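Below: the structure, in C-alpha cells.
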Amino acid sequence: MKRNASHPNNPNDSPPMNRTRVSPRTMGLALLLAATLTRAQPADPFHELATWQFGKSREPLALIETQIRQTPPADYGPIEHKLLTALQAPTTPKDAKRYICRWLAVVGSPQCVPHLAPLLSDPDLSHPARMALEPLPYAAADAALRQALPNLQGNLLAGIVASLGTRRDPQAVPALIKLTASPDPLVADTTLRALGQIATTDAARALEQLRPPPEHARTLARAQITAASHLASEGHGPQAAALYRRLLQEPPQPPAIRAAALKGLIAALPPADAAVLILDTLQGHDSALRQAAIAAFTGSGDPTLKSRVVRQLPGLSAAGQITLLGVLAEDPHAEARDAVLKSFDRREDVQVRAAAIACLARHGQADDVPMLVRLAHSPAAPIAEAARRTLQHMSAEGTDATLVRLIQSPDAADRAVVLSTLASRRVEAALPALARLTTGTDSTLATEAAKALGVMGTADQLPALTQVLAGTRDSSLRAAAENAAASICRRAPDKAAAAAPVLSALNQAATPEAHLSLLPLLGITPGKPALTAVTRALESSHPAVQDAAVRALASWPDASAMAPLLSLARTTANPTHAILALRDGCLRLAAMDETPLATRLELYRHVLDLAKRTEEKKQAVAGLAHVPAVGALDVLRHSAGDAALRNDALRATTRVARQLGSVYPKRAMAALQEARTMAADPALQREIEQAIDAVRKAGQSPDGYIVAWLLSGPYHQNGKSGTDLFDIPFAPEQASTKADWRPVTTPAGGRPGLIELDKTLGGNNRTAYVRTQITAAQACPARLEMGSDDGIKVWLNGKVVHANNTVRPNSPNQDKADIQLQAGPNTLLLKITQDGGEWSVCCRLRAPDGKELPGVTVAPQAE
C-alpha cells in the first residue's frame, strides 16, 4: 500500500514542522512562472534609449512615442527631463540624440534650449537641433539661433539662417542684412529668403534697397514677393503694394515674377483700384499678365471687386471683352447677366457677340431663351453656333419649360431650333407635344419632331410614329419616322408592348410604302405575333413588300424564325430570297452563341441539304467546326464526300473531334482516323495527327489541371451584373430543369487548364457553368486549386464547397477548397460570373498536400 509520510509508525518521520512540503514538479512550475513574470516586466525605454543605435530594435523608440502621444501636454515635464538626461550623457550615440531632438520639438520647454544650443555647431546634429528649436514658442529659441550665427559658416550657417526665417524672428534682421553680402552663394540666397519670410518693415525696406549680384536677383525678387504677401496679410497694404509695383516696373523681371507681383498687387489694393488694374491688364498685350489678372479675378472672394470689374465689361476693347467674357463663362459667382447682354447689344463685332452668347450658358435666364432661339438660325455662323451650344447647356430654372412653349412658335425656323434643342437636352416633358407634331400638317415641323423622338422618345410615342408611317407620302418625314421608331424599338425594354402599335398600323396599312416602313420594325420587336405578321407578308403580291418581309425574317434576332426560314428556302422560286434565308437567316442564327447547340446543328444540317451554292455550304461546314457535338461529326463525314467541301470538312472534323475527345474518345478517334485516310494535303494530315495525339491525352494535364469540361451558358438577366447573378440559380443548379451542355477544352498551346469563356461565349454581365466527373478508386480527401475571372462558385455532388463573389483577373491557385471524394463518380460543377473584360476559369485537382492525387480519372461523362 501507499505509505503515508506522516504515519506515527514511520521511523524516518522528522519532527513536525509548520510548513508545506512542495513536490519537485510544483517547484519547477513555480520557478517557470517567476521567470515569466520577470520577463514580462518591460525595460525602461529611456534607459535603453541611452545606448540605442541604428540596427537595434525600434521597440524602445515606439514605446517612448506612445508615451508622448498618451501624455497631456501639461505633464510633459518628466518626459522632457528623461530626454535631456539621455541627451547630456556623453555615451549616448548620435543616432539616439537625433530622435531625442525630434521628441523635444514636441515636449520641449525653455529648459531644453540650453541643451540644444551646443548641438547647432555639430555637423551631425545641427539639423536635428534646429528642427527641435524651430517649433518651440519661446524667445530663448530665437536667441539660441541668433547667438549661433557668428560661429558658423557654410551649410550649418545657412541652416541657422533658414530656421530664423521660418520662425520669422524680427530681432535677427540686422544680422541677416549683413549676411546678404556673404561670399558664400548658399548663405546669401538663404538669407534673402529668410528676410522675405520675416517680412517686418525693416526687412522689407532692406530687400527693397539691396542691389545683389545678378546671380541672386531672382532669389531677391521671390523674397520680395514673399515679404509683400506677409505685409499685405498683416495690414500693411501700402508697403506691400509698393514692393509689388517695384517688381512690375523694374525690368527685366521674369514673367513668373511679374505675374506673381500683379496677383499680389491686385489682392493688396482696395477694390476700386484693383478693378481698374484688372481691366487695364485685360486690355494689355502682355499675355502672362493677362493670365495673372484672370487668376486674381477668378480667385477673389470679394463680390465688390467682381461687381466693379463686370460693370465695366461693355466699355472694354473687343479683345478685352472677349477675354473677360471667357472668364465669366466659367465663373458661377459673378453677377454678370446684365453686363453680358449690354456687351452683346453694343458691339457689332461678331466674335464679341458670340462670346457674350456663350457666357449666357452660365449666366442667362429663361427669359433669354426666345432670343437665343432666334439667334440659333442667324446667318452669322459664329453667332448661330454659339446660340445653339448655349441652348444645349443652359441650366437656368425654367429653360426647359420655355423651350416646350416655343414648340408652337409661328416661326418655322424657331420651331426647328427648339425641336433640335429639346432632343439634345432630352426634355421628357416635351414628348407628348413632339408626338402630336409628327401627325400635324406641317411636314417640316413633323420631320424635326420625329428626329427629336428618335433621340429621346419612348414606346408611348410609337402609336404616333406608326400612324405617320402608315399614312404619310412625304419621303423626308417617312425616313425620320422610320429611324425614330427603330431607335425607340431598340431601346424599349418590353418588346411585345413595342410591337403592338407596329402590328396595329401594319393591319391598317393600305400602301406598299407603309408595309415597307413597318415590316423592318417587327424584327426589332420579335415575338410570336410579330413573326406571324412577317410570315404572312411573305405571301404579298407586291414584290417589294415580299422582299421586305424576306429581309425582316432573315434578320430575325432569335431561332424562333428557323422554321419559316427553312420553309422559305425550300419553297421559294426566287434565288435571291433563298440565299437570304440561308445565308443571312439560318447561318447567322446558327453562329449565335445564344442559339442552343442542338438548334445550331440542325440549322447547319438543313443549310447543307438546301443550299444550291458552294458558298453557303462552305459557311455551314466552317460553322460546324464550332459545334462540339457528336452529331456534327456525322454531318461533316457526309460533307467530306463532296470534293468541293472535303478539305474544309476534314479540318472542321479535326477541330470538333479534338473538342469531344475527352468526352467521347472512341467516337472522336474513329472520326479522326477516317479523316486521316481521306486527307491528301500534308499540312492537314499533320493537324489530324496532332488531334489524334491530343485525344489520347485528354482529361487532365500532367500537372493536374482539368482540361475537359461540359459547358452551359451564357445565362443573363436584364439589368443584372455578373456580381448580381452570382446567387441567382439558373438551369444547371436546378435538378428539375434541363440545361443545354456542350464540350469545351483548353485550347492547344494555351495556359494549362485555362478555359477562356470570353473567347468561347463573349459578352459582359453574364454567367456560365462548367461540369465534369471525377471518378475515384476509393473515398479520399482532395484539394481543388482554382483561378477565375470573375467570381466562382463550386459544387461537389450537389453541395457547395466553395464560393467567392468577386471581380478580379484570373491567376492560378487564387482559391483553394478541401473536398472529400466518394468512391466512384463525383460530379464537379463550377459557376463563373462575368462583369466585363476577360472571362476565364482554371481548376486543378490535387492531394491535400498539393502533390499528385493518385487513383482518380477525370472526364465530363462516360461515353
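For the chain, build the charge dipole from Cβ charges (+1 Lys, Arg; -1 Asp, Glu) around the Cα centre, then report which of SER487, THR51, SER840 sits farthest towards its positive end.
Value: THR51.
In nm, what is the difference between 0.36 nm times the number of residues separating SER121 and ARG102 and their Cα-Cα distance? Write down the numbers at each step before the final one.
Working: separation 19, 0.36 × 19 = 6.84 nm, distance 1.72 nm.
In short, 5.1 nm is gained.
Considering only protein heavy atoms and a probe of 1.4 Å, how much of the accessible area of region 708-859 is carbon and sulfur, as a whole percent? Walk me through the intermediate numbers first.
On the way: 3030 of 6500 Å².
C and S fraction of accessible area: 47 percent.
Checking the cross-link filter: which lysines have an alpha carbon closer than 23 Å to that of LYS528, excluding same-chain neighbours under 8 positions apart?
LYS495
Mind checking which aspartates and glutamates have their Cα closer than 12 Å to the Cα of LYS851? Skip sequence neighbours fewer than 8 apart in that chain.
Cross-link targets: ASP703, GLU785.
For every helix of n ≥ 4 consecutive DSSP H residues, a contribution of -39,500 (n - 2.57) applies; sum these over the chain, divide by its total residues, and give [θ] at 222 nm rounded to the nearest 500 deg cm²/dmol. All intermediate terms of the calculation are to be shown ahead of the outcome.
Numbers: 44 runs with 482 residues, N = 863.
My calculation for the chain gives -17000 deg cm²/dmol from helical runs alone.
If each residue of separation counts as 0.36 nm, what is the full-extension length gain between HIS81 and GLN820 once their alpha-carbon separation is subtracted?
Numbers: separation 739, 0.36 × 739 = 266.04 nm, distance 6.60 nm.
Working it through step by step, the gained length comes to 259.4 nm.
Tell me which aspartates and glutamates have Cα within less than 12 Å of LYS617's Cα, excluding those fewer than 8 residues away on the same chain?
The qualifying aspartates and glutamates are ASP609, ASP642, ASP648.
I need the peptides 173-184, 54-65 ranked by packing, meaning the mean over residues of other C-beta atoms within 10 angstrom, with the highest value on top. Walk me through the numbers before you get to the answer.
On the way: 173-184: 15.6, 54-65: 14.0.
Highest to lowest by the protection proxy: 173-184, 54-65.
Within region 156-174, whose backbone N sits under 19 Å from a point 7 Å along Cα→Cβ of GLU234?
Only 161-174 pass the distance filter.
Per the Kirkwood definition applied to all pairs of different Cα atoms, how many angstroms is the hydrodynamic radius of region 137-193? Before the final figure, lay out the partial values.
Working: mean 1/r = 0.0907 Å⁻¹.
It is 11.0 Å.
Once Lys and Arg get +1 and Asp and Glu get -1 on their Cβ, which of GLN814, THR723, ALA776 lies farthest toward the positive end of the dipole of region 688-820?
Sorting the options by dipole projection puts first ALA776.
If you roll a 1.4 Å probe over region 67-135 with all protein chains in place, what percent of the accessible area is carbon or sulfur?
On the way: 1870 of 3340 Å².
Here it works out to 56 percent.
Dipole size in debye (nearest 20) for the chain around its Cα centre, Lys and Arg Cβ +1, Asp and Glu Cβ -1? Working shown, then result.
Values: 91 positive and 81 negative charges, 376 e Å.
Charge dipole of the chain: 1800 debye, to the nearest 20.
For THR323, tell me the accessible area in Å² from a 1.4 Å probe, rounded to the nearest 10.
Spelled out: THR323, probe radius 1.4 Å, area about 40 Å².
Could you tell me the calculated FRET efficiency between ALA643 and SER555, based on Cβ-Cβ distance and R0 = 41 angstrom, to the nearest 0.05?
It comes to 0.75.
Cα atoms only: what Rg and Dmax, in Å, come out for region 708-859?
Rg and Dmax of region 708-859, Cα atoms, are 14.8, 46 Å.
Residues in region 757-793 near a label at LYS851, defined as backbone nitrogen under 19 Å from the 7 Å Cα→Cβ point?
It comes to 777-785, nothing else.
Considering only C-alpha atoms, what is the centroid distance from region 300-368 to region 712-780, in Å?
Comparing the Cα centres of region 300-368 and region 712-780, I get a distance of 62 Å.
Between ASN155 and LYS94, what is the spin-label point distance in nm, taking each point 7 Å from the Cα along the Cα→C-beta axis?
Label-label distance for ASN155 and LYS94, simple model: 1.1 nm.
Which percent of the accessible heavy-atom area of region 430-576 goes to carbon and sulfur, probe 1.4 angstrom?
On the way: 3530 of 6440 Å².
Carbon-and-sulfur percentage of accessible area, whole number: 55.
Which three numbers, in whole Å and largest first, are the semi-axes of the equivalent ellipsoid of region 61-199 derived from its Cα gyration tensor as √(5λ)? Please report the intermediate quantities before stating the final value.
Numbers: eigenvalues 168, 50, 26 Å².
Computed over region 61-199, the values are 29, 16, 11 Å.
Please give, to one decimal in nm, the separation of the simple spin-label points placed at LYS666 and ASP593, each 7 Å out from Cα toward the Cβ.
Each label point lies 7 Å from its Cα, and together they span 3.4 nm.
Quick one, which of (i) 0.98; (ii) 1.12; (iii) 1.16 is the actual Rg/Rh (Cα atoms, Kirkwood Rh) calculated for this model?
Answer label, from the structure shown: (iii).
May I ask you to evaluate 6.51 cos²θ - 1.76 cosθ + 1.60, the Karplus curve with θ = phi - 60°, for each residue of region 637-645 and list the ³J(HN,Hα) values in order in whole Hz, giving x for glycine and proline?
Going residue by residue, I get 4, 5, 5, 5, x, 8, 4, 5, 10 Hz, with x marking Gly and Pro.
Of LYS831, LYS666, LYS617, LYS793, which has the most accessible area and how do the rest follow, probe 1.4 Å?
On the way: LYS831 0, LYS666 160, LYS617 50, LYS793 25 Å².
Ranked list, largest accessible area first: LYS666, LYS617, LYS793, LYS831.
Give a residue-ordered list of calculated ³J(HN,Hα) values for region 217-226 (Karplus: 6.51 cos²θ - 1.76 cosθ + 1.60, θ = phi - 60°; whole Hz; x for Gly, Pro).
Working through the residues one at a time gives 5, 5, 4, 4, 4, 5, 5, 5, 4, 4 Hz.
If you average the alpha carbon positions of region 451-528 and of region 577-604, how far apart do those two centres end up, in angstrom?
What the calculation gives is 27 Å, centre to centre.
Taking each pair of different alpha-carbon atoms in region 452-525 once, compute 1/r for the pair, average those values, and report the inverse of that mean as the Kirkwood hydrodynamic radius in Å to one decimal.
Numbers: mean 1/r = 0.0857 Å⁻¹.
It is 11.7 Å.
Given N residues in region 679-730, what is Rg(Cα) / (2.2 N^0.38 Å)?
On the way: Rg = 19.1 Å, N = 52, 2.2 N^0.38 = 9.9 Å.
In units of the globular-protein estimate, region 679-730 measures up at 1.94.
If I model a spin label as a point 7 Å beyond the Cα along the Cα-Cβ vector, how far apart are those points for THR66 and ARG426 in nm?
5.6
Assuming R0 = 22 Å, what is the FRET efficiency of GLN508 and THR439, from their Cβ-Cβ distance, to the nearest 0.05? Walk me through the numbers on the way to the answer.
Values: r = 14 Å, r/R0 = 0.64.
The calculated FRET efficiency here is 0.95.
How much accessible area per residue does the chain have, counting only protein heavy atoms and a probe of 1.4 Å, in square angstrom?
For the chain, the solvent-accessible area averages 49 Å² per residue.
Per residue of region 388-401, what does 6.51 cos²θ - 1.76 cosθ + 1.60 with θ = phi - 60° give for ³J(HN,Hα)? Whole Hz please, x for Gly and Pro, Karplus curve as stated.
5, 5, 5, 4, 5, 10, 4, 10, 4, 4, x, 4, 4, 4
Full-extension gain between GLU385 and THR737, please, as 0.36 nm times their residue separation minus the C-alpha to C-alpha distance.
Working: separation 352, 0.36 × 352 = 126.72 nm, distance 6.01 nm.
Extending this stretch completely gives an extra 120.7 nm.
If packing is taken as the average count of other Cβ atoms within 10 Å, what order do 513-526, 405-418 fall into, highest mean first?
Details: 513-526: 22.7, 405-418: 17.2.
Result, highest mean first: 513-526, 405-418.
Of the listed peptides 74-83, 567-576, what is their order by residue-averaged count of other C-beta atoms within 10 Å, with the highest listed first? Could you put the intermediate results ahead of the total?
Details: 74-83: 15.8, 567-576: 14.1.
Those peptides, ordered most packed to least, come out 74-83, 567-576.
The values are calculated or read from the model by the stated rules, or taken from the named source; none is laboratory data. These numbers come from a predicted model, not from an experiment. For neighbour counting, all protein chains shown are included, and Cβ atoms are generated from backbone atoms with ideal geometry for every residue, glycine included. The accessibility values were calculated without ligands, DNA or RNA, using every heavy atom of the protein model including side chains. Shrake-Rupley method; radii C 1.70, N 1.55, O 1.52, S 1.80 Å.
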